[in-house]
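J.: One structure is given below, represented as structure tokens, and several questions about it will come after.
The values are calculated or read from the model by the stated rules, or taken from the named source; none is laboratory data. Nothing here was measured: the structure is a model prediction, and the numbers come from that model. Cβ coordinates were reconstructed from backbone atoms using ideal geometry, including for glycine residues, and neighbour counts include every protein chain displayed. Side chains included, ligands, DNA and RNA excluded: accessible areas come from the protein's heavy atoms. Shrake-Rupley method; radii C 1.70, N 1.55, O 1.52, S 1.80 Å.
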Amino acid sequence: MGMTASQKILAAHAGLERVEAGQLISAQLDLVLANDITGPVAIKEFEKTGAEKVKCRDKIALVMDHFAPNKDVKSAEQCKACRTFAKRQGIENFYDVGKMGIEHALLPELGLVGAGDLVIGADSHTCTYGALGAFSTGVGSTDMAAGMLTQKCWFKVPSAIKFNLTGKPAEYVCGKDIILHIIGLIGVDGALYKSMEFCGDGVKHLNIDDRFTICNMAIEAGAKNGIFPVDEVALNYMKGRFKRPVKIYEADADAEYDAVYDIDLSALKPTVAFPHLPENTKTEWEDLPIDQVIIGSCTNGRISDMRIAASVLKGRKVADGVRAIVIPATQEIYRQCIDEGLVHVFLDAGAIVSTPTCGPCLGGHMGILAEGERCVSTTNRNFVGRMGHVSSEIYLASPYVAAASAVAGRLCTPDRLEEN
């Protein structure tokens with residue numbers, strides 16, 4: 001029996017000819033990641049070992065993005081702890097205010113992750129990098145500490161589910177709709193501790209940002225990781241960025257999968273996850289007034305997302321009573337928004353534009369919801385109280401739907417906006 005792409009990456013990093021689902025292995029890591037929330041915990045665990053130096057200072061990334069710029073004294077102390085540790089250890093990849101971005105957009109942009117890599121991060125959405133053909137997964141802060149100490153991590157080799165994508169997405173359908181459709185189909189535990197491997201002729205119609213979005217939300221189906229094949233789209237993105245040799249791993253023809261799903265992309269419609277789970281997806285709904293819109297996050301804060309939002313908002317105004325918050329995911333994306341005139345579009349529409357931050361996604365800052373408020377958001381989770389008050393509601397959607405909803409003042413798709 002052959003191996004999946006994910007299993008091949010794990011085998012290579014474990015120094016083994018082959019691995020099987022369920023096998024426990026110790027594997028060499030290409031990068032370990034933490035942020036200003038998980039980093040301080042990992043640093044404390046690291047220091048408990050009595051070690052004086054990290055194993056490989058160039059294979060650690062610390063990104064200050066969740067509560068940065070700092071919202072209060074506690075968040076300032078968290079960033080200070082990471083800043084002090086990074087300086088003492090000589091960690092090369094430390095990103096603070098002015099240089100930082102939302103971690104899962106920043107690291108691919110800087111070429112710190114790429115095809116064939118094995119990456120762990122003390123953040124559940126580390127699975128994003130599978131868009132580039134890497135095996136990347138979220139871990140706890142203790143595993144992060146061990147990774148800094150040894151540059152290794154143990155894994156239970158996951159089994160896999162194949163998603164065969166065919167057809168071309170219709171207008172106003174993008175990566176967010178695809179992954180929400182899949183999560184709605186299989187449920188939030190439908191891929192529990194499995195690899196979600198995406199393949200098929202439909203992949204060629206997905207830009208790299210669509211793929212980042214899809215892999216980012218693999219964890220919302222319980223997956224260990226998500227991964228795409230390395231094609232020209234991925235190679236073009238990595239060209240001139242990725243700092244290590246590209247290593248391409250392809251699934252064997254006889255690789256074993258727990259299940260195979262055929263997804264016709266041309267049949268999909270704009271999809272929204274209603275409260276309070278990403279699996280609670282709908283393509284039709286009754287009139288639903290809203291209070292806030294968030295366009296950004298590690299899921300949909302990239303330049304194509306900004307362009308989509310601007311294409312809907314251009315020449316229109318955000319509805320009275322609605323707060324529209326746009327958050328480019330990195331400094332470079334922010335600069336592109338300025339250079340392309342997108343910031344003017346957002347401001348003319350009555351939206352605000354924030355410095356890169358995770359802020360509102362986890363109920364941190366820059367967009368907390370009050371009692372009973374509703375928010376249409378391009379983020380990745382809509383659990384009870386995720387963005388503020390426990391009675392508030394989050395509707396997960398694409399940048400198309402989020403921008404259209406901001407104008408309509410209610411949950412709305414661009415085609416319905418045009419009809420009115």
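J.: Being open to solvent by less than 70 Å² (accessible area, probe 1.4 Å) and either farther than 19 Å from V157 by Cα or aliphatic (A, V, I, L, M) (or both) is the filter here, so list the residues in segment 247-260 that pass it. Show your work before the answer.
T.: Keep residues of segment 247-260 that are open to solvent by less than 70 Å² (accessible area, probe 1.4 Å), which gives 249, 251-252, 255, 257, 259.
Hits for segment 247-260 are A251, A255, A259.
J.: Restricting to segment 33-56, name every residue that is among the acidic types (D, E) and surrounded by fewer than 23 Cβ atoms within 10 Å (Cβ to Cβ).
T.: The answer is E45, E47, E52.
J.: A further question on this structure: If you check L10 against the conditions, is it in a strand (DSSP E or B) and either of a type in the set (F, W, Y) or open to solvent by less than 50 Å² (accessible area, probe 1.4 Å) (or both)?
T.: Here the answer is no, as L10 does not meet what is asked.
J.: Here is a follow-up. How about segment 271-289: which of its residues are in contact (Cβ under 8 Å) with a residue 24 or more places away in the chain, part of a loop (DSSP other than H, G, I, E, B) and not hydroxyl-bearing (S, T, Y)?
T.: Residues satisfying the conditions are F274, P275, H276, L277, P278, E279, N280, W285, D287, L288.
J.: Restricting to segment 1-57, and then to whatever is in contact with a helix residue (DSSP H, G or I) (Cβ under 8 Å, 6 or more places away or on another chain) and acidic (D, E), can you tell me which residue is farthest from G359 (Cα to Cα)?
T.: In this case the residue turns out to be E17.
J.: Hey, V173 hits all of (1) open to solvent by 10 Å² or more (accessible area, probe 1.4 Å); (2) among the β-branched types (V, I, T); (3) farther than 17 Å from I208 by Cα but one; which does it fall short on?
T.: (3)
J.: Any residue at all in segment 285-294 that is within 19 Å of the chain's Cα centre (by Cα) and either over 17 Å from E109 (Cα atoms) or at pLDDT 95 or above (or both)?
T.: Yes, there is a match, as at least one residue in segment 285-294 is within 19 Å of the chain's Cα centre (by Cα) and either over 17 Å from E109 (Cα atoms) or at pLDDT 95 or above (or both).
J.: Related question: Might you let me know whether segment 250-259 holds any residue that is assigned to a helix (DSSP H, G or I) and either in contact (Cβ under 8 Å) with a residue 12 or more places away in the chain or closer than 24 Å to K8 by Cα (or both)?
T.: Looking for residues that are assigned to a helix (DSSP H, G or I) and either in contact (Cβ under 8 Å) with a residue 12 or more places away in the chain or closer than 24 Å to K8 by Cα (or both), one finds none in segment 250-259, hence no.
J.: Which condition does R241 not pass, out of (1) in a strand (DSSP E or B); (2) open to solvent by 60 Å² or more (accessible area, probe 1.4 Å); (3) not hydroxyl-bearing (S, T, Y), if it passes all the others?
T.: (1)
J.: Can you say whether P229 is surrounded by 17 or more Cβ atoms within 10 Å (Cβ to Cβ), in a loop (DSSP other than H, G, I, E, B) and touching a strand residue (DSSP E or B) at 6+ places or on another chain (Cβ under 8 Å), as far as the supplied structure shows?
T.: So P229 passes the test.
J.: OK, next. If a residue must be within 16 Å of the chain's Cα centre (by Cα) and farther than 25 Å from L110 by Cα, how many such residues does segment 197-238 contain?
T.: Selection size over segment 197-238: 4.
J.: OK, next. Please tell me if P245 is in contact with an Asp or Glu (Cβ under 7 Å, 6 or more places away or on another chain), within 24 Å of G138 (Cα to Cα) and not aromatic (F, W, Y).
T.: In short, no.
Here's the yes/no breakdown for (1) modelled with pLDDT of 95 or more; (2) in a loop (DSSP other than H, G, I, E, B):
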| site | (1), (2) |
| --- | --- |
| S26 | yes, no |
| L33 | yes, no |
| A51 | no, yes |
| N70 | no, yes |
| A81 | yes, no |
| P108 | yes, no |
| A115 | yes, yes |
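J.: Among the numbered criteria (1) surrounded by 23 or more Cβ atoms within 10 Å (Cβ to Cβ); (2) within 27 Å of E284 (Cβ to Cβ), which one does G147 miss?
T.: (2) is the only condition that G147 fails.
J.: Moving on to the next point. Enumerate the helices (runs of 4 or more DSSP H) found wholly within segment 290-397, keeping only those where 3 or more residues are open to solvent by less than 30 Å² (accessible area, probe 1.4 Å) and within 21 Å of R410 (Cβ to Cβ).
T.: Per the criteria, 303-313.
J.: OK, next. What are the residue pairs meeting all of these: first residue in segment 159-188, first residue hydroxyl-bearing (S, T, Y), second residue open to solvent by less than 40 Å² (accessible area, probe 1.4 Å) and outside any helix (DSSP H, G or I), Cβ atoms under 8 Å, and 6 or more apart or on different chains?
T.: Hits for this filter: S159/S195; T166/G200; T166/I263; Y172/P270; Y172/S398; Y172/T413.
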